[in-house]
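Working notes, structure below.
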Amino acid sequence: MSPRKIIIDTDPGQDDAFAMLLALGSPELEVVAVTAIAGNVPVSKTERNARQILELAGRPDIRVAPGCTRPMVKPLKTAEYVHGDSGLEGWELPEPSTPALPVHGVDLIIDTVMAAPAGEITLCPLGPLTNIAMALIKEPRIAPRLREIVLMGGGYFEGGNTTPSAEFNIFVDPHAAHVVFTSGVPLTMVPIDCTYKAILTPAWLERLKAVGKRTALAAAGLAEFYQRYGNQKFGTDSYPLHDPCVIGYLLRPGIFGGRKCFVEIEITSPVTMGATVVDWWNVTKREPNCMVLRDLDNPAFYDLMLERIARLP
């Protein structure tokens, strides 16, 4: 079976780095392009961070393009308070040997999807959905050509992590999320309801360090920096990695649990802006538009991630 072709749209971010490394270490997936978006830090940093991760993993050949510099409507909100000034604090990553493409990330998404057979490309957004929404608006013909969009974002049972009702990725650009969730593209949402269960433990981090290879050691350094925020928020040295759950689901859907629901995005209320309203019990009887994940087998997930990162240089 040929690898599943994916485009990773990302705003690295330490947990984005783990998602990219998990994908790069997995022969079931082919990363055909990476697009950067403003989110955790501005896009000028996220596109460079993406190239540094690819360099670390020995894959500077993968195409990278910077995307939108700000959300569709709102001012940009970033998260240096979580990820540090560069977005990837915690390890001295290698200088990228390959420049970013001289094209816009939105156009790279469109061109890649339109050049591929229908149903071949899966989009994996790990940050705000601005690039994805703008691609759908600029070229609506990509919607029926996409196999699926599997995104990290949202929250319902856990509320929000940026406001009481909104998760960061959706809150940063709720209008883009609205475009994506009304696009008709098959969607899988990996919300914090699920990712809060993807707990990285000190014992697992020691196993990662024991791999001894450059990528594993760098990933461990990034995780240790990220742990500082986890300690502040959760009061423990065990804390969740959000974004790699997207890739984990593509690789091992059986270790995740959820159900198809109708999901809509709040874009008008000043109190609940960016909320992902999940009709978990189908009380509105509307046709589901999204697979919403809620559970995962944490030991199996981290065993998978360790095995795949260990394959990298």
When T162 is run through (1) surrounded by fewer than 22 Cβ atoms within 10 Å (Cβ to Cβ); (2) touching a Cys at 6+ places or on another chain (Cβ under 7 Å), the failure sits at (2)
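With the condition being touching a residue at least 40 places away in the same chain (Cβ under 8 Å) and more than 18 Å from A79 (Cα to Cα), I'd like the strands (runs of 3 or more DSSP E) fully within the range 159-266 carrying at least 3 qualifying residues.
On the way: elements: 187-190, 256-261, 263-265.
Qualifying strands (runs of 3 or more DSSP E): 187-190, 263-265.
Scan the range 256-279 and give yes if some residue there is acidic (D, E), modelled with pLDDT under 95 and over 21 Å from the mean Cα position of the chain (by Cα), otherwise no.
Narrowing the range 256-279 to residues acidic (D, E): 264, 266, 279.
Those still in the list that are modelled with pLDDT under 95 too: none.
Scanning the range 256-279, I find no residue that is acidic (D, E), modelled with pLDDT under 95 and over 21 Å from the mean Cα position of the chain (by Cα), so the answer is no.
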Considering (1) touching a Ser or Thr at 6+ places or on another chain (Cβ under 7 Å); (2) within 27 Å of L241 (Cβ to Cβ), say which one A143 fails and leave the rest. (2)
Residues being part of a loop (DSSP other than H, G, I, E, B) and touching a strand residue (DSSP E or B) at 6+ places or on another chain (Cβ under 7 Å): count how many of those fall in the range 1-10. 1
Is it the case that some residue within the range 51-74 is of a type in the set (G, A, S), closer than 30 Å to K138 by Cα and touching a residue at least 60 places away in the same chain (Cβ under 8 Å)? yes
For the range 102-114, how many residues meet the condition of being part of a loop (DSSP other than H, G, I, E, B) and surrounded by fewer than 17 Cβ atoms within 10 Å (Cβ to Cβ)? 2
Selection over the range 115-134 where residues are part of a loop (DSSP other than H, G, I, E, B) and within 21 Å of A36 (Cβ to Cβ) yields a count of 5
Restricting to the range 27-52, give me the number of residues that are surrounded by 24 or more Cβ atoms within 10 Å (Cβ to Cβ) and closer than 23 Å to R252 by Cα. 1
Restricting to the range 283-312, name every residue that is part of a helix (DSSP H, G or I) and out of contact with any helix residue (DSSP H, G or I) (no Cβ under 8 Å at 6 or more places or on another chain). N298, P299, D303, E307
Which listed residue is more than 30 Å from A118 (Cβ to Cβ) and buried (at least 24 other Cβ atoms within 10 Å of the Cβ), from A203, A177, A219: A219
Count of the range 13-40 residues which are touching a Ser or Thr at 6+ places or on another chain (Cβ under 6 Å) and in a loop (DSSP other than H, G, I, E, B): 2
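Conditions tested, residue by residue: (1) closer than 30 Å to P202 by Cβ; (2) not small (G, A, S).
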residue: P240; (1), (2): yes, yes
residue: K260; (1), (2): no, yes
residue: P270; (1), (2): no, yes
residue: T284; (1), (2): no, yes
residue: A300; (1), (2): yes, no
Extreme residue, surrounded by the most Cβ atoms within 10 Å (Cβ to Cβ), among residues of the range 53-84 that are in a helix (DSSP H, G or I), in contact with a helix residue (DSSP H, G or I) (Cβ under 9 Å, 6 or more places away or on another chain) and not aromatic (F, W, Y): I53
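Looking at this structure, is I137 assigned to a helix (DSSP H, G or I), of a type outside the set (G, A, S) and in contact (Cβ under 8 Å) with a residue 12 or more places away in the chain? Spell out the reasoning first.
Numbers: assigned to a helix (DSSP H, G or I): yes; of a type outside the set (G, A, S): yes; in contact (Cβ under 8 Å) with a residue 12 or more places away in the chain: yes.
Judged against the criteria, I137 is a match.
Here is a check on your reading of the model: is N289 modelled with pLDDT of 95 or more and under 22 Å from V179 (Cβ atoms)?
Working: modelled with pLDDT of 95 or more: yes; under 22 Å from V179 (Cβ atoms): yes.
Spelling it out, N289 is indeed modelled with pLDDT of 95 or more and under 22 Å from V179 (Cβ atoms).
Residues are listed down the side, and each one gets a yes or a no for (1) under 19 Å from the mean Cα position of the chain (by Cα); (2) under 23 Å from A219 (Cβ atoms); (3) among the charged types (D, E, K, R):
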{"position": "A65", "(1), (2), (3)": "yes, no, no"}
{"position": "V73", "(1), (2), (3)": "no, no, no"}
{"position": "K77", "(1), (2), (3)": "yes, no, yes"}
{"position": "A100", "(1), (2), (3)": "no, yes, no"}
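Condition first: farther than 16 Å from C124 by Cα and assigned to a helix (DSSP H, G or I). Now tell me which residues in the range 41-52 satisfy that. Steps first, please.
Taking the range 41-52 and keeping what is farther than 16 Å from C124 by Cα, we get 41-45, 48-49, 51-52.
Those that are farther than 16 Å from C124 by Cα and assigned to a helix (DSSP H, G or I): V43, S44, K45, R48, N49, R51, Q52.
The values are calculated or read from the model by the stated rules, or taken from the named source; none is laboratory data. Treat the numbers as computed from the prediction; the structure is a model and nothing was measured. Counting neighbours? That spans all protein chains shown, and the Cβs are built from the backbone with ideal geometry, glycine included.
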